[in-house]
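**Q** Have a look at this one before I ask anything.
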Amino acid sequence: MRNRDESFAQTNSRIVEAAKVLHAERGVLATSWQDIAERARVSPVTVYRHFRSLSELIPACARSFVDSVAPLTEEDARAAFAALESPFERLEMLIRDDCACYVRGREWFHAAMRESDLVPELGAVVSAQQATLATLIRAALEELDPSAEVVSALQAVIDFPFWRALIHAGLCSPLTPWFPRACFDSVQLCPRGSNSVPLGLPILWLDSVNALRTLWRR
C-alpha cells in the first residue's frame, strides 16, 4: 500500500512539473492534457485520473510553484521586520525578497499574469499573490499607516509586471539601490486618508527616469 501511495505521489509530481513547464512555454490555454501526458511520460488517462480539470490542476501547480520560489509568508515577514529599525529597511527587504522570487520563477509568473483574465483558476492564483503582497507592504510600513491608495501604488511598482518590464527592456532592476529609496520617499509624501493620486508617486517615476538616464550615458 505504501509503495502504491509513493508511486501515485511521484506520478502526480511529474504531471504537475510537466504542466508548469508547458504553461510557461505555451500558455495554459494552448496546453492540452495530451501535451502534459507526453511531457510527463504517462498516458492521458493517467493525467485525467490525477486532475480532471484546470480547477484541480492549476492550484496544484500554484502550490508547487510557491514551494519552489519560497516567497515570504506574513509570519516570516513580520518576524524579519521586527529585527529592522526603520520602515525603509523593511520595505527594502520586502522588495529584494520579491525580486529574488521573480528571478526564481519568472517563467511561471509571466504565464500566470498573461492569462489571468482568461483562465479563472489563474486569476484566483494571481489575486491571492497580489493580496499577499499588499498585506506585506502594510506590515512593512505599519507605523506609517499607509492609505489604500499608497499600498496600491507601491504594489504596482513592486509587482512582477513592473519588474519584468524593466528587465525585458534591459534598463535596470528594482534591485538597484535607488528603487527602494524612491518607493519609500513616495510613501513619505503621500497624504494619509487622501483619495487622490499619491503625491509621492511622481517622485518614484522621476527617480526611475533619472536612473535610466544615468544608464543610457554609460
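The values are calculated or read from the model by the stated rules, or taken from the named source; none is laboratory data. This one's a predicted model, so the numbers in the text were calculated from it and none came from an experiment. When we count neighbours, we look across all protein chains shown, and the Cβ atoms used for this are built from the backbone with ideal geometry, even at glycine.
**Q** When you scan region 9-40, how many residues do you find that are buried (at least 17 other Cβ atoms within 10 Å of the Cβ), not hydroxyl-bearing (Ser, Thr, Tyr) and not in a helix (DSSP H, G or I)?
**A** Residues meeting the conditions: 1.
**Q** Which residue pairs have Cβ atoms closer than 8 Å, lie 6 or more positions apart in sequence or on different chains, and pair a first residue in region 1-13 that is in the same structural domain as Val47 (by TED's automatic domain parsing) and modelled with pLDDT of 70 or more with a second residue that is surrounded by 10 or more Cβ atoms within 10 Å (Cβ to Cβ) and part of a loop (DSSP other than H, G, I, E, B)?
**A** Cβ pairs passing all conditions: Thr11/Val42.
**Q** From Arg96, Arg90, which residue is touching a helix residue (DSSP H, G or I) at 6+ places or on another chain (Cβ under 9 Å) and either under 21 Å from Glu25 (Cα atoms) or buried (at least 18 other Cβ atoms within 10 Å of the Cβ) (or both)? Step through it out loud before you land on a result.
**A** Numbers: Arg96 fails: either under 21 Å from Glu25 (Cα atoms) or buried (at least 18 other Cβ atoms within 10 Å of the Cβ) (or both).
Checking each option against the conditions leaves just Arg90.
**Q** Tally the residues that are within 25 Å of the chain's Cα centre (by Cα) and more than 16 Å from Glu121 (Cβ to Cβ), restricting the search to region 33-62.
**A** Of the residues in region 33-62, 0 are within 25 Å of the chain's Cα centre (by Cα) and more than 16 Å from Glu121 (Cβ to Cβ).
**Q** Under the condition of being of a type in the set (S, T, N, Q) and over 22 Å from Ala112 (Cβ atoms), which residue from region 41-57 is surrounded by the fewest Cβ atoms within 10 Å (Cβ to Cβ)? Lay out the reasoning, then the answer.
**A** Keep residues of region 41-57 that are of a type in the set (S, T, N, Q), which gives 43, 46, 53, 55.
Adding the requirement that they be over 22 Å from Ala112 (Cβ atoms) leaves 43, 46.
Details: Ser43: 12, Thr46: 18.
By that ranking, first place goes to Ser43.
**Q** Take the residues in region 134-189 that are among the hydroxyl-bearing types (Ser, Thr, Tyr) and in contact with a Gly (Cβ under 8 Å, 6 or more places away or on another chain); name whichever of them is modelled with the lowest pLDDT.
**A** Step one: of region 134-189, the residues among the hydroxyl-bearing types (Ser, Thr, Tyr) are 135, 147, 152, 173, 176, 186.
So of that shortlist, the ones also in contact with a Gly (Cβ under 8 Å, 6 or more places away or on another chain) come out as 147, 186.
Values: Ser147: 81, Ser186: 56.
Across region 134-189, the extreme among qualifying residues is Ser186.
**Q** Okay, moving on. Which ones in region 55-87 are touching a helix residue (DSSP H, G or I) at 6+ places or on another chain (Cβ under 6 Å), under 20 Å from Val103 (Cβ atoms), of a type in the set (A, V, I, L, M) and assigned to a loop (DSSP other than H, G, I, E, B)?
**A** Leu72
**Q** Taking region 104-118, which residues are within 21 Å of Asp67 (Cβ to Cβ) and over 10 Å from the mean Cα position of the chain (by Cα)? Don't jump to the end; show me each part of the working.
**A** Going residue by residue through region 104-118, those that are within 21 Å of Asp67 (Cβ to Cβ) are 104-113, 116.
Matches in region 104-118: Arg104, Glu107, Ala111, Ser116.
Residues are listed down the side, and each one gets a yes or a no for (1) in a loop (DSSP other than H, G, I, E, B); (2) free of Cβ contacts under 8 Å to residues at least 24 places away in the same chain; (3) among the aromatic types (Phe, Trp, Tyr):
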position: Val103; (1), (2), (3): no, yes, no
position: Glu107; (1), (2), (3): no, no, no
position: His110; (1), (2), (3): no, no, no
position: Leu118; (1), (2), (3): yes, no, no
position: Val126; (1), (2), (3): no, yes, no
position: Ala131; (1), (2), (3): no, yes, no
position: Ala139; (1), (2), (3): no, no, no
position: Leu166; (1), (2), (3): no, yes, no
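**Q** Can I ask one more? State yes or no: is Thr46 part of a loop (DSSP other than H, G, I, E, B), hydroxyl-bearing (Ser, Thr, Tyr) and under 15 Å from Val16 (Cα atoms)? Please lay out each step first, then the result.
**A** Working: part of a loop (DSSP other than H, G, I, E, B): no; hydroxyl-bearing (Ser, Thr, Tyr): yes; under 15 Å from Val16 (Cα atoms): yes.
Spelling it out, it is not the case that Thr46 is part of a loop (DSSP other than H, G, I, E, B), hydroxyl-bearing (Ser, Thr, Tyr) and under 15 Å from Val16 (Cα atoms).
**Q** Is there any pair with a first residue in region 52-66 that is closer than 15 Å to Gly27 by Cα and a second that is hydrophobic (A, V, I, L, M, F, W, C) and part of a helix (DSSP H, G or I) whose Cβ atoms are under 7 Å apart and which are 6 or more apart or on different chains, and what are they?
**A** Between residues of region 52-66 that are closer than 15 Å to Gly27 by Cα and residues that are hydrophobic (A, V, I, L, M, F, W, C) and part of a helix (DSSP H, G or I), the close pairs are Leu57/Ala19; Ile58/Leu122; Ile58/Val125; Cys61/Val16; Cys61/Ala19; Ala62/Val125.
**Q** Condition first: surrounded by 12 or more Cβ atoms within 10 Å (Cβ to Cβ) and over 12 Å from the mean Cα position of the chain (by Cα). Now tell me which residues in region 72-87 satisfy that. If you could, list the steps in order and put the result at the bottom.
**A** Our first condition is that a residue be surrounded by 12 or more Cβ atoms within 10 Å (Cβ to Cβ); within region 72-87, this holds for 72-74, 76-78, 80-81, 84, 87.
Thr73, Glu74, Asp76, Ala77, Arg78, Ala80, Phe81, Leu84, Pro87, listed by residue number.
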